[in-house]
1. Given the conditions (1) touching a helix residue (DSSP H, G or I) at 6+ places or on another chain (Cβ under 7 Å); (2) closer than 28 Å to D17 by Cβ, report the number of the one that A95 does not fulfil.
2. Which of the residues spanning the range 86-125 are touching a strand residue (DSSP E or B) at 6+ places or on another chain (Cβ under 6 Å) and open to solvent by less than 30 Å² (accessible area, probe 1.4 Å)?
3. Taking the residues in the range 142-170 that are of a type outside the set (S, T, N, Q) and more than 24 Å from G82 (Cβ to Cβ) as candidates, determine which candidate is least open to solvent (accessible area, probe 1.4 Å).
4. Can you pull out the residues in the range 80-111 that are modelled with pLDDT of 95 or more, more than 13 Å from the ligand (Cβ to nearest atom) and more than 21 Å from A25 (Cα to Cα)?
5. Could you check how many residues of the range 73-82 are open to solvent by 10 Å² or more (accessible area, probe 1.4 Å) and over 16 Å from the mean Cα position of the chain (by Cα)?
6. Show me the helices (runs of 4 or more DSSP H) found entirely inside the range 1-69 where at least 3 residues are of a type in the set (V, I, T), within 16 Å of the ligand (Cβ to nearest atom) and surrounded by 14 or more Cβ atoms within 10 Å (Cβ to Cβ).
Amino acid sequence: MNQHYPFVNPPLPYAYDALEPYIDAKTMMLHHDRHLQTYVDNLNRILKNYPEYQSFSLEGLILYQSSLPSEIQIPVHNNAGGIYNHIFFFSNLKAPGSQKLSLPCSAYINSVFGSLDAFLDAFRKAALSVFGSGYAWLVMDATGRLNIITTANQDTPLQLNLRPLLNLDVWEHAYYLKHYNNRDDYITDWFHVVDWDRVSSSCYTGRAR
Ligand code: MN
């Protein structure tokens, strides 16, 4: 996400209907073209009047929030976080297929959680525990240790010095059209469209791409 002002909404790396029947095309279109686009438009509108911060990357705006003028700290936090979290979410999905978690990520996950199924159970519990809007994440700390965390609203793991490997958007806009209020069914469907090859690759490099 090597972007700075003016930020752009990158196209989805697949067709809107690529995740059918697990995540529907209309949800993907609204989620990408309207929800993410709104965060992009808002952040550009805020920074338009602050040229001295226009060279900051998305990550820079999130990590160095406290160095921004106080009147834009919260709106920059929310909108830069919204862009970061959504681009990350969309980039870790792909059409349902046979790809699976490979080494070294599978070994890491087995050592921490016991098995992939145990990891998925723990991830589901975390995602279900988010009260209101937010995300569940698989993250790696500075020592290479894996953990599952949740964040509220558009907070990010970057602020906690954690590298994200995978996230699940559990804001209702991510699933309400198809799954109504059934977040658990949405989580089950989402497992089918996670790009496990990409998660494995992030485990290997120790950094999210
Ligand atoms: Mn969302």
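The values are calculated or read from the model by the stated rules, or taken from the named source; none is laboratory data. What you are looking at is a predicted structure, and each value in this text was computed from that prediction instead of being measured. All Cβ positions, even for glycine, are placed from backbone atoms using ideal geometry, and neighbour counts span all protein chains on display. Protein only, heavy atoms only, side chains kept; ligands, DNA and RNA dropped before computing areas. Shrake-Rupley method; radii C 1.70, N 1.55, O 1.52, S 1.80 Å.
1. In the conditions (1) touching a helix residue (DSSP H, G or I) at 6+ places or on another chain (Cβ under 7 Å); (2) closer than 28 Å to D17 by Cβ, A95 misses (1) alone.
2. F88, F89, N92, F123
3. L146
4. Within the range 80-111, just A80 meets the criteria.
5. Kept after step one, since they are open to solvent by 10 Å² or more (accessible area, probe 1.4 Å), are these residues of the range 73-82: 73-75, 77-79.
Filter again for over 16 Å from the mean Cα position of the chain (by Cα), leaving 73-75.
Going through the range 73-82 one residue at a time, the tally reaches 3.
6. Counting at least 3 such residues, we get no helices (runs of 4 or more DSSP H) at all.
The rows are residues; the columns are (1) of a type in the set (K, R); (2) under 30 Å from Q73 (Cβ atoms); (3) at pLDDT 95 or above.
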| residue | (1), (2), (3) |
| --- | --- |
| N147 | no, yes, yes |
| P157 | no, yes, yes |
| P164 | no, yes, yes |
| Y180 | no, no, yes |
| F191 | no, no, yes |
| T205 | no, no, no |
